[in-house]
Amino acid sequence: MSNHNGRTIGRRALFQTSAALLGGALAGRKAEADQETPVRNVNTNSSPSTLKITDLRVATVVKPGPSPCTIVRLDTNQGVYGLGEVRDGASATYALFLKSRVVGENPLRITYLFQKIKQFGHHGRQAGGVVAIEEALWDIAGKVYGVPIYQMLGGKFRDKIRIYADTTESDDPKVFAQRLKQRKEEMGITWLKMDLGIEMVAKIPDTVTRPAGLSAWEQRALPHPFVGAEVTEKGIEKLCEYVAAVRDAVGMEIPLSMDHLGHLGVNSIIRLGKAYEKYNLSWMEDVIPWQYTDLLQRITAESPTPILTGEDIYLKEGFINLCEKHAVSKIHPDISTSGGILETHKIGDRAMEFGVPMAMHYAGLPIGALASVHCATATENFLACENHSLDVPWWQDLVEGIEKPIINKGFITVPDKPGLGITLNEDVVRKHLAPGTGYFEPTTQWDRERSGDWLWSKVGGKEIWARV
């Protein structure tokens, strides 16, 4: 056998040389390891392969604004637990119904469990139970492996998450403007949002055209184009007085968004988008139901004011459809509806491919807010996340273990502790429980909730029924 210089090397000499090289490499690697701090990122109190979910319990909190909000706790056989949150205004039953489908499972099988239960979610609040469990699974995984959730999504793009603020309306444009100014100057909010719809001016004659005798249900529940309401030129002028007053108060530099326009026809929405152009709004939100893709595409094409939607869409497919067709300028998932932490991260990544930025809607408790934070910090095209509780003094006291104030000068600092990075303050949660409810009381009545959950027939014959 010859070496690279052409000299002959015997078999014994070759083995001796190889052994020496291997020994040197191992010695060098050991020396490097001795100089490094060992990685100890697994919770030694937990054996991941034998981890099992043993219980699901809830605590429902009532707060000003969108409410009630239900906290879900998943317990395990190793003392590790996870927290999640059912979306504001939804029923705790959405989560309790799923208890028998997750108890006994390994909570670290997050994708498997999500696939197992996601069929029980739907658009709007009906996704709340699926999402609460998904968030709790991620919280458990982070605690077991000793890392924050964002690290399991691929790591940070940013250290702080920008918050944008909703603001209470006023019939007086100057008062409305002053409230937004206080958000900016006293709270340090760097992105503002105002609710401004036709009901703000409807009491003024000749501002809104719509058929008389509409019931409250028709005005609120029917899809926007089907109530026959249109805004007049005078109505647009009056609405613009509000926006002008706000811009005079806060300036043109700060982003300003708009929501709750009212149930209007497509032409009125386009006319409003053109009238608001000089105020440089960041978006008009949920102008019509998101399902009307072609109409949204038309509005987006004709309105110089950007169009945004998404807080009621469950799973990534609806968002992908809107982004592929450029039917909106920006998307706006609410993590408690869109499918949870990983699904929302996927939504952001797909939107990024189509050049569509992602803001996030959120109006609940700190549990879901922190789930949003972990998703947002790991998602490249994120803009800002809503918070509906700036005027609720005890909101941040519901949790511990995180830097306070949670919202500091318009931002939430991303926590670096395992999982969500928070624990509950039991005393504060108990103080604000919904009437007639308890603090994570037993839910044994949901232990035996069973059905044949398969989505196609002839799954496995009689033996399947025997196991149900």
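The values are calculated or read from the model by the stated rules, or taken from the named source; none is laboratory data. What you see is a predicted model; the values in this text were computed from it and never measured. Here the Cβ positions follow ideal geometry from the backbone for every residue, glycine too, while neighbour counts run over all protein chains shown. Accessible surface is based on the protein model in full, side chains and every heavy atom, while ligands, DNA and RNA are left aside. Shrake-Rupley method; radii C 1.70, N 1.55, O 1.52, S 1.80 Å.
In the stretch 359-468, counting only helices (runs of 4 or more DSSP H) that sit wholly within it, the ones holding 1 or more residues that are in contact (Cβ under 8 Å) with a residue 12 or more places away in the chain and surrounded by 23 or more Cβ atoms within 10 Å (Cβ to Cβ) span 366-377.
Taking the stated definitions as given, is Asp75 part of a loop (DSSP other than H, G, I, E, B) and either surrounded by fewer than 19 Cβ atoms within 10 Å (Cβ to Cβ) or at pLDDT 95 or above (or both)? When the stated conditions are applied, Asp75 does not pass them.
The set of residues from the stretch 158-171 being in contact with a Leu (Cβ under 9 Å, 6 or more places away or on another chain), of a type outside the set (Asp, Glu) and open to solvent by 30 Å² or more (accessible area, probe 1.4 Å) comprises just one member, Arg162. Annotation: of all residues in the stretch 205-219 being open to solvent by 60 Å² or more (accessible area, probe 1.4 Å) and under 19 Å from Gly235 (Cβ atoms), the one that is nearest to the chain's Cα centre (by Cα) is Gln219. Val246 falls short on exactly one of the conditions (1) crowded, with 24+ Cβ neighbours inside 10 Å; (2) assigned to a loop (DSSP other than H, G, I, E, B), and that condition is (2). In the stretch 274-285, which residues are under 13 Å from Leu196 (Cβ atoms) and out of contact with any Asp or Glu (no Cβ under 6 Å at 6 or more places or on another chain)? Selection gives Ala275, Tyr276, Tyr279, Leu281, Trp283, Met284. Checking Lys184, Lys143, Lys174 one by one, the residue that is among the basic types (Lys, Arg), in contact with a Leu (Cβ under 7 Å, 6 or more places away or on another chain), on the phi < 0 side of the Ramachandran plot and part of a helix (DSSP H, G or I) is Lys184 and no other. Take the residues of the stretch 220-243 that are in a loop (DSSP other than H, G, I, E, B) and within 19 Å of Ile299 (Cα to Cα): which is nearest to the chain's Cα centre (by Cα)? Across the stretch 220-243, the extreme among qualifying residues is Pro223.
For the stretch 249-263, a residue qualifies if it is outside any helix (DSSP H, G or I) and either of a type in the set (Val, Ile, Thr) or touching a His at 6+ places or on another chain (Cβ under 6 Å) (or both), and the qualifying residues are Ile254, His263. One residue stands out among those in the stretch 51-72 that are outside any strand (DSSP E or B) and open to solvent by less than 20 Å² (accessible area, probe 1.4 Å): the one that is nearest to Asp427 (Cα to Cα), which is Lys63. Per this entry, Thr60 is not counted among residues that are under 23 Å from Glu386 (Cα atoms), of a type in the set (Val, Ile, Thr), touching a residue at least 12 places away in the same chain (Cβ under 8 Å) and in contact with an Asp or Glu (Cβ under 8 Å, 6 or more places away or on another chain).
Considering only the stretch 292-315, I want to know if a residue exists there that is among the hydrophobic types (A, V, I, L, M, F, W, C), open to solvent by 20 Å² or more (accessible area, probe 1.4 Å) and touching an Asp or Glu at 6+ places or on another chain (Cβ under 9 Å). Yes, there is a match, as at least one residue in the stretch 292-315 is among the hydrophobic types (A, V, I, L, M, F, W, C), open to solvent by 20 Å² or more (accessible area, probe 1.4 Å) and touching an Asp or Glu at 6+ places or on another chain (Cβ under 9 Å).
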